[in-house]
Each structure stands twice: as C-alpha cells, then as structure tokens.
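The values are calculated or read from the model by the stated rules, or taken from the named source; none is laboratory data. The model shown is predicted, which means the values in this text are computed figures rather than measured ones. Positions of Cβ are backbone-derived with ideal geometry, glycine not excepted, and every protein chain shown enters the neighbour counts. These area figures cover heavy atoms from the full protein model, side chains too; ligands, DNA and RNA do not enter into them. Shrake-Rupley method; radii C 1.70, N 1.55, O 1.52, S 1.80 Å.
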Amino acid sequence: LLGTHLDFSVLLDHFGPTMIVVFTLIFIARPLSVLFSVVVDKQAEWRWKEIVYLMWVRETGVIPAALAGMLMTSGVRHSDIISAVTFATILITLTFQASTSHLLAKILKLEEVGDKKHH
C-alpha cells in the first residue's frame with residue numbers, strides 16, 4: 001500500500017537526507033532501542049553476540065508503513081517525504097539486512113536450535 005502512494009521523484013529529490021535517516025535508524029536508533037530493551041530483561045540473560053544479532057535483524061516496517069500510508073491519505077503536509085523515507089528504510093532493511101543476517105549469525109557463531117547443518 002505504501003508503494004502505491006510513493007512518488008519516486010520525491011525519493012530521488014531527497015535521496016541524501018533519506019540515506020542519512022536510514023543510516024541513523026539502522027546503525028544508531030535500532031541498536032539503542034534493542035540495547036535499552038534487553039537491559040531491562042534480566043531473566044533472559046542475553047549474551048552480547050545475541051544482542052548484536054538482534055540489533056541487526058529486528059523487524060522494521062509494518063507499523064511505520066501503515067502510519068505513513070495514513071498520513072498520505074489524510075493529506076498531511078510533507079507526508080510524501082515521510083513516505084519516501086519510510087519506503088527507503090523498509091526496502092534497505094529488507095534487502096541489505098535480511099540478506100546478510102545469515103552471514104552475521106555465522107560470524108557471531110550463533111546456530112539455530114536443532115539445526116546442525118549450518119556449522
């Protein structure tokens with residue numbers, strides 16, 4: 001739904017600032033939100049490499065896409081820019097981060113429970 005409202009010219013016109021926002025979300029905001037979340041979860045006894053993995057693969061997109069779509073249909077000022085940034089963030093996290101999550105798990109030596117094939 002978000003893609004149907006997206007004006008690609010807006011995305012291209014704001015490409016630099018959009019990439020700064022996406023970079024900030026991926027490498028600063030998401031890791032901080034994961035860190036603050038796991039710090040309060042004392043019972044889980046998270047290991048550092050599990051926390052790093054969570055920082056990389058935490059799902060992003062469904063709620064922001066829905067909210068951006070609502071802004072577009074409501075005619076909120078600058079919602080086209082918000083939708084472009086949201087779209088770029090979802091696209092990059094799904095392609096870049098999702099496609100590298102298995103490699104990161106391998107680097108961190110995290111194995112799937114019950115799956116001995118991926119050593």
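The set of residues in the stretch 39-67 being among the aliphatic types (A, V, I, L, M) and either closer than 20 Å to residue 95 by Cβ or at pLDDT 90 or above (or both) consists of 51, 52, 54, 55, 57, 62, 63, 65. Cβ contacts < 6 Å: first residue open to solvent by less than 90 Å² (accessible area, probe 1.4 Å), restricted to the stretch 60-71; second residue not aromatic (Phe, Trp, Tyr) and not in a helix (DSSP H, G or I), any location; separation 6+ or different chain. Result? Going by the 6 Å Cβ cut-off, the qualifying pairs are 69/1.
The selection criterion, being in a loop (DSSP other than H, G, I, E, B) and either out of contact with any Phe, Trp or Tyr (no Cβ under 6 Å at 6 or more places or on another chain) or open to solvent by 70 Å² or more (accessible area, probe 1.4 Å) (or both), does not hold for residue 56.
For every residue, the table says whether it meets (1) touching a residue at least 12 places away in the same chain (Cβ under 8 Å); (2) open to solvent by less than 80 Å² (accessible area, probe 1.4 Å); (3) in a helix (DSSP H, G or I).
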{"residue": "18", "(1), (2), (3)": "yes, yes, yes"}
{"residue": "21", "(1), (2), (3)": "yes, yes, yes"}
{"residue": "24", "(1), (2), (3)": "no, yes, yes"}
{"residue": "28", "(1), (2), (3)": "no, no, yes"}
{"residue": "31", "(1), (2), (3)": "yes, yes, yes"}
{"residue": "35", "(1), (2), (3)": "yes, yes, yes"}
{"residue": "38", "(1), (2), (3)": "yes, yes, yes"}
{"residue": "43", "(1), (2), (3)": "no, no, yes"}
{"residue": "50", "(1), (2), (3)": "yes, yes, yes"}
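Against the definition (in a helix (DSSP H, G or I), at pLDDT 90 or above and closer than 24 Å to residue 15 by Cβ), how does residue 89 come out, yes or no? No: the conditions fail for residue 89.
The set of residues in the stretch 93-119 that are open to solvent by 90 Å² or more (accessible area, probe 1.4 Å), over 25 Å from residue 21 (Cα atoms), of a type in the set (A, V, I, L, M) and modelled with pLDDT of 85 or more contains only 107.
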